[in-house]
Amino acid sequence: MATYAEQMNSFFRTARTRDIQAHAAKVHSVAWSCDGKRLASGSVDKSVCVYLLDRDRLTKDYAILKGHGASVDQLCWNPCNPCQLATASGDKTVRIWDARTNKAVATVNTKGENINICWSPDGSTIAVGNKDDLVTFIDAKSHRSRAEEQFRFEVNEISWNNDGDLFFLTSGHGSVHIFSYPELKLQHLINAHPANCICIEFDPTGQYFAIGSADALVSLWDLQHLVCVRTFGRLEWPVRTLSFSSDGKMLASSSEDLVIDIAEVETGEKLHQISCDSPTFTVAWHPKKNLLAYACDDRRERDAGLVRVFGFPSDSS
C-alpha cells in the first residue's frame, strides 16, 4: 500500500500556481472562507480583495473592499458563516464585511493599532490584538466589546482551540500562554522555544497545534497532553506563518527563506517545497481542497499586490 508521501507525489508533480494581482502594494494576509468558495486578501494599500473559486479555477472577477484608513494587517472569516469577514487595521478599527454585498456592515473602534485577529469557533466572538499587547473581545452580533485584557509581555498571535474553550497567545519570550475561555484564567504556560514564538495554528482534527518561532523551527504539540511530538527544521529564518491542510496531514510553513516548506505532519518529512522569489509571510490551505494560497513580499515591483494559489491541475487556466 502506498504511503501518504507516495500518494501526494503525483499531485505535486502536476500542481501549478495561479497568480492574481488585485492590490497595489504588499499583501499581508490571505484566508479562505469556511466553505472554500471565497479567498480574501488584505494589503498595505488599505484594501481587502475577495476572489471567487469556481471549481478548480479562481475567477478573474474580484471585489475590492475599501474603507480602512491604514494597512490591513490581518483578516479572518467567520467559521460558521461563509459570507462574513473581519479585518484588523492599523487605523484602530475592526471592520466586519458582508461578502455578498461587498460592504462593511460594522466598524468597531479599538484602542490601538491592530495587528492580529481571530474568530471564535462558534462564530460569536472576534478577538483582536494591538501593538500595545491589548486583546479586545468583540461580540460578533452587537459589535460591542465584551472584554479587554492587557498583557505585560509581547503578544504575537492569538487563537482559540477548535473547541473554543481555551484561548492561546504566543509571546516574545518563547512561551505559549493558555487561558480558559471565557474566564481568561491562565491554565498553562509552555516554554516552547528559546526564541520569540511568532505564530500558532491548530490542525482541523483537533489533535495538534503548531508553533512557528524566531529560531527557525516549527514545533508540533499534542493538544491533549501539551507535549511537543516533533520539530520541523528545514527553514533558516524566523517562521512567520503556518497552515494545516484540510485533512490535517500536511503543514505548510514559510519565512524569509525563498521556499514554502510542505511537511508530512506524522513523520516530519518534506513532501514538497514551493520556490518563491521573495519572503513569504502568509499562507492558507483551502478548507476542503489541496490548494494553498500565499503572498510574498514586494521586493520586486512586479510582485507588488500579488496573491498566489498553488495546487491547480496543470490543465486549468
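Key figures
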| quantity | calculated |
| --- | --- |
| Some residue of region 83-93 being in contact with a strand residue (DSSP E or B) (Cβ under 8 Å, 6 or more places away or on another chain), open to solvent by less than 20 Å² (accessible area, probe 1.4 Å), small (Gly, Ala, Ser) and touching a residue at least 60 places away in the same chain (Cβ under 8 Å) | no |
| Asp277 being closer than 20 Å to Ile20 by Cα, acidic (Asp, Glu) and open to solvent by 10 Å² or more (accessible area, probe 1.4 Å) | yes |
| Residue selected from region 210-248 under the condition acidic (Asp, Glu) and open to solvent by 40 Å² or more (accessible area, probe 1.4 Å), by the criterion nearest to Asn191 (Cα to Cα) | Asp215 |
| Residue within region 151-160 that is within 25 Å of Trp285 (Cα to Cα), over 17 Å from the mean Cα position of the chain (by Cα), modelled with pLDDT of 95 or more and among the β-branched types (Val, Ile, Thr) present | no |
| Residue in region 32-44 that is farthest from Ser245 (Cα to Cα), counting only those that are surrounded by fewer than 21 Cβ atoms within 10 Å (Cβ to Cβ) and in contact with a Ser or Thr (Cβ under 9 Å, 6 or more places away or on another chain) | Val44 |
| Scan of region 130-151 for residues that are of a type in the set (A, V, I, L, M, F, W, C) and outside any strand (DSSP E or B), ordered by number | Ala140, Phe151 |
| Looking only at region 286-306, and only at residues there that are assigned to a loop (DSSP other than H, G, I, E, B) and modelled with pLDDT under 90, the one that is most open to solvent (accessible area, probe 1.4 Å) | Arg299 |
| Residue within region 150-157 that is closer than 23 Å to Val239 by Cα, among the acidic types (Asp, Glu) and touching a strand residue (DSSP E or B) at 6+ places or on another chain (Cβ under 8 Å) present | yes |
| Region 67-123, residues that are of a type in the set (Gly, Ala, Ser), in a strand (DSSP E or B) and closer than 24 Å to Thr170 by Cα | Ala86, Ala88, Ser89 |
| Selection within region 152-194 - within 22 Å of Pro121 (Cβ to Cβ) and outside any strand (DSSP E or B) | Asn161, Asn162, Asp163, Gly164, Asp165, Tyr181, Pro182, Glu183, Leu184, Lys185 |
| Out of Ser41, Ser29, Ser10, sole residue that is at pLDDT below 90, small (Gly, Ala, Ser) and not in a loop (DSSP other than H, G, I, E, B) | Ser10 |
| Qualifying residue in region 244-252 (condition: part of a strand (DSSP E or B) and of a type in the set (Ser, Thr, Tyr)) | no |
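The rows are residues; the columns are (1) open to solvent by less than 20 Å² (accessible area, probe 1.4 Å); (2) closer than 21 Å to Ser219 by Cβ.
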| residue | (1), (2) |
| --- | --- |
| Ala127 | yes, no |
| Asp132 | no, no |
| Ala140 | yes, no |
| Val155 | yes, yes |
| Asn161 | yes, yes |
| Phe167 | yes, yes |
| Ile190 | yes, yes |
| Pro194 | no, yes |
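Listed here are the residues, each with its yes/no results for (1) over 20 Å from Ala88 (Cα atoms); (2) in contact with a Cys (Cβ under 9 Å, 6 or more places away or on another chain); (3) surrounded by fewer than 20 Cβ atoms within 10 Å (Cβ to Cβ); (4) of a type in the set (S, T, N, Q).
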{"residue": "Ser29", "(1), (2), (3), (4)": "no, yes, no, yes"}
{"residue": "Asp54", "(1), (2), (3), (4)": "yes, no, yes, no"}
{"residue": "Leu65", "(1), (2), (3), (4)": "no, yes, no, no"}
{"residue": "His68", "(1), (2), (3), (4)": "no, no, no, no"}
{"residue": "Val72", "(1), (2), (3), (4)": "no, no, no, no"}
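The values are calculated or read from the model by the stated rules, or taken from the named source; none is laboratory data. Since we're looking at a predicted model, the values are computed, not measured. Cβ: placed from backbone, ideal geometry, glycine included. Neighbour counts: every protein chain shown. Keep in mind that these areas ignore ligands, DNA and RNA; they rest on the heavy atoms of the full protein, side chains included. Shrake-Rupley method; radii C 1.70, N 1.55, O 1.52, S 1.80 Å.
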